[in-house]
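First up is the structure itself, then whatever we jot down about it.
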C-alpha cells in the first residue's frame, strides 16, 4: 500500500472510530500517529494541538493536514484531510436524512450518554499522559494551572490563553537566560 493510501486509511480509521470532535480524538491520534505508525512524536502532537487552538478549523483536521504535509507535502496534507473528513461527511449526511428518528429514539439518547462518559474518561487519560511529558518544571506547571484557571473562570478566548502562555515562555527563557 503506497504512503498516500496509508495516510488516507489511518485518518479514515481515526475519523470513523472516534466520537466527540478533535479533543475526543486525541487518544486515537496519539495511539495511531505516535505509538503505532511513529509518524510524529508526542511533542509534535502537543504542538499541533497548541497550534490548532490558535488557527481556524477543527483540531483533528488541522492535525491530519499537518501530519500529511509533514509526511508527503501538500498532496499528503490533502489526502490526510480527506481521510479525516470522509467519515463525518458520510455520517452527517445519513443523520441529516434520518434526524427526527435519531432525536426521538430513547435508545440512541441513552447510548450517546454512555459514549459521552467514555469519551471524557479517554480524554482525561490522554491529558494526564501528555501532562507528564509536558510539565517538565515548576514554570510549566504554573503556566498550566494559570491557563486552566483562565479557561474555567474567565471569559477569554482560547487563542488568547495560548498566546499568553507562549509569551510567558518566551519572557522567562529570554530574560532568565535559560535554554530548553
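Any read-out appearing in this document is the output of simple, stated calculations on the displayed coordinates, not a laboratory observation. As the structure is a computational prediction, the values presented were derived from the model and not from experiment. Ideal geometry is used to build each Cβ from the backbone, glycine not excepted, and the neighbour counts take in all protein chains shown.
Taking the Cα centre of each part, how many Å lie between the range 12-61 and the range 72-146?
9 Å
Using the 10 angstrom Cβ neighbour count as an exposure proxy, how do 140, 160 rank, fewest first? Show your work: numbers first, answer last.
Details: 140 16, 160 12.
Listing 140, 160 from fewest to most nearby Cβ atoms yields 160, 140.
How would you order 120-130, 83-93 from highest to lowest mean count of nearby Cβ atoms within 10 Å? Kindly include the intermediate steps, with their values, before the conclusion.
On the way: 120-130: 14.0, 83-93: 15.9.
The most tightly packed comes first, giving 83-93, 120-130.
Could you tell me how many degrees, from 0 to 90 and to the nearest 10, lie between the Cα long axis of helix 138-153 and the main elongation axis, the longest principal axis, of the Cα atoms of the chain?
50 degrees
Using the Cα atoms of the chain to build a convex hull, what is its mean projected area in square nanometres?
On the way: hull surface 50.7 nm².
Mean orientational projected area (the chain, Cα hull): 12.7 nm².
If you rank 42, 32, 104 by fewest surrounding Cβ atoms within 10 Å, what's the result?
Details: 42 16, 32 19, 104 9.
Listing 42, 32, 104 from fewest to most nearby Cβ atoms yields 104, 42, 32.
In degrees between 0 and 90, to the nearest 10, how far off the longest principal axis of the chain does helix 158-175 point, with axes built from Cα atoms?
For 158-175 against the chain, the angle is about 30 degrees.
Take the alpha carbon gyration tensor of the range 1-94, find the square roots of its eigenvalues, order them as a ≥ b ≥ c, and report rounded if a/c is under 1.5; if not, report prolate when a/b exceeds b/c, else oblate. Numbers along the way, then the final one.
Values: a/c = 1.34, a/b = 1.08, b/c = 1.25.
Rounded is the answer for the range 1-94, as its axis ratio a/c remains below 1.5.
Defining a contact as two alpha carbons under 8 Å apart and six or more residues distant in sequence, what relative contact order in percent does the chain show?
23 percent
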